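The values are calculated or read from the model by the stated rules, or taken from the named source; none is laboratory data. A quick note: this is a predicted structure, and the numbers were derived from the prediction, not measured. Positions of Cβ are backbone-derived with ideal geometry, glycine not excepted, and every protein chain shown enters the neighbour counts. Side chains are part of the model used for accessible areas, which takes the heavy atoms of the whole protein and leaves out ligands, DNA and RNA. Shrake-Rupley method; radii C 1.70, N 1.55, O 1.52, S 1.80 Å.
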Amino acid sequence: MIKRFFKIEFKRICRWQTLAAFIVFIGAFVNISIMDKMDIPSQVGYPAISRLEQSNFFISYLKALFGPIHSYMPLIFPLIILLIIGDSLFLDYKTGNFQFSISRITHKQFIKYKTIAISLVIFIVTLIFQLVAFLYSIFTSPYYLPTKAGAENNIIHNVQMGIYVSKPFVYIFIIMILFSVISMTIAVLGLLTSNLLKNVFAVVSIPWIMYIIIGQLLMSVGTGNSILFRISPIQMLGPCLFKENYNFIQVFLYWIVLWSVSCFGTYKLFMRKFRLSL
């Protein structure tokens with residue numbers, strides 16, 4: 001049965017909303033990349049090594065995705081994900097898939113399979129989006145293996161520096177997995193909101209608006225090193241990786257825990273909605 005749910009969700013993403021989300025994602029990525037390259041000194045006499053450290057396709061990809069200077073991707077990324085799959089539960093009601101499924105499985109099984117299916121599908125879709133973005137960086141930026149000394153002197157990059165320098169492709173892959181996990185959390189939050197609201201536009205927009213409000217509020221209340229600032233979802237969606245006092249384990253745990261809590265909340269609300277005991 002889980003395979004059936006997965007197939008349904010995968011077929012559903014083949015629509016104009018996904019194309020629009022892809023265009024927004026890649027368009028923003030290209031725009032940020034161009035802005036970042038404009039800041040790299042090009043005058044005669046500027047060390048070529050320094051230029052390469054700041055413009056190789058590894059760091060170009062990272063700075064466009066969540067760099068602290070020009071990247072606005074952490075602000076729009078949740079909206080991109082919600083645009084792809086945020087209305088999934090509404091489509092179940094509209095197409096009759098919900099009634100069909102409930103005639104064969106329980107409500108408990110339905111929401112469990114639904115949550116797993118949208119998580120897996122959005123994980124794959126986000127991974128594909130990132131692969132395309134990385135290919136853009138490869139074709140538009142020079143190849144250069146970063147060095148520790150050069151990285152420390154030319155970029156603000158502190159999280160897992162050893163991996164970035166010694167195995168940059170592995171580092172990029174870890175980042176891709178991280179963002180795919182983040183997209184899972186956002187998708188489930190959209191599913192959770194679907195149990196509270198009856199408007200498709202609200203389901204897509206309200207979780208994004210709350211993300212911006214909560215994220216900005218936590219950063220405004222806390223200072224740069226306070227716990228409130230550090231746990232802001234806006235910070236945890238990438239910018240923290242260009243700062244000290246973070247590591248991959250912390251960031252992964254943050255989003256995995258949030259995904260788990262969102263899954264539990266979705267399950268409870270869905271069951272309560274249909275007045276079924278847990």
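Annotations for the structure displayed:
- Once the chain from K3 to V221 is taken as fully extended at 0.36 nm per residue, the excess over their C-alpha distance is 74.0 nm.
- Label sites at L131 and K167, each approximated as a point 7 angstrom past Cα along Cα to Cβ, lie 2.0 nm apart.
- Averaged per residue, the chain has 48 square angstrom of accessible surface, using a 1.4 angstrom probe with ligands and nucleic acids left out.
- Residue of K268, K114, K11 that the Gaussian network model of the chain assigns the largest fluctuation, springs spanning Cα pairs under 10 Å: K11
- Divide the volume of the convex hull around the Cα atoms of the chain by the residue count and you get 132 Å³ per residue.
- Each peptide in 94-107, 25-38 gets a packing score, the mean of other Cβ atoms within 10 Å over its residues, and the list from highest to lowest is 25-38, 94-107.
- Packing rank of 69-80, 251-262, 190-201, where each peptide gets the mean count of other beta carbons within 10 Å, highest leading: 69-80, 190-201, 251-262
- For D87, D39, the ranking by accessible surface with the largest value first comes to D39, D87, using a 1.4 Å probe.
- Lysines whose Cα lies under 28 Å from that of K108, excluding same-chain neighbours fewer than 8 positions away: K3, K7, K11, K94, K198, K268, K273
- Virtual spin-label span in nm between V261 and I214, 7 Å along Cα→Cβ: 0.7 nm
- The 3J(HN,Hα) values that the Karplus relation (6.51, -1.76, 1.60; θ = phi - 60°) gives for the range 12-20 are, in residue order, 5, 6, 7, 8, 5, 4, 5, 4, 4 Hz. Gly and Pro appear as x.
- Burial order of peptide ranges 168-181, 116-129 (average beta-carbon count within 10 Å, highest first): 116-129, 168-181
- Model label sites at K108 and I26, defined 7 Å from Cα along the beta-carbon direction, differ in position by 4.5 nm.
- Stretch gain in nm, segment Q17-K198, where the contour uses 0.36 nm per residue and the Cα spacing is subtracted: 63.2 nm
- Scaling the Cα radius of gyration of the range 1-121 by the globular reference 2.2 N^0.38 Å produces a ratio of 1.55.
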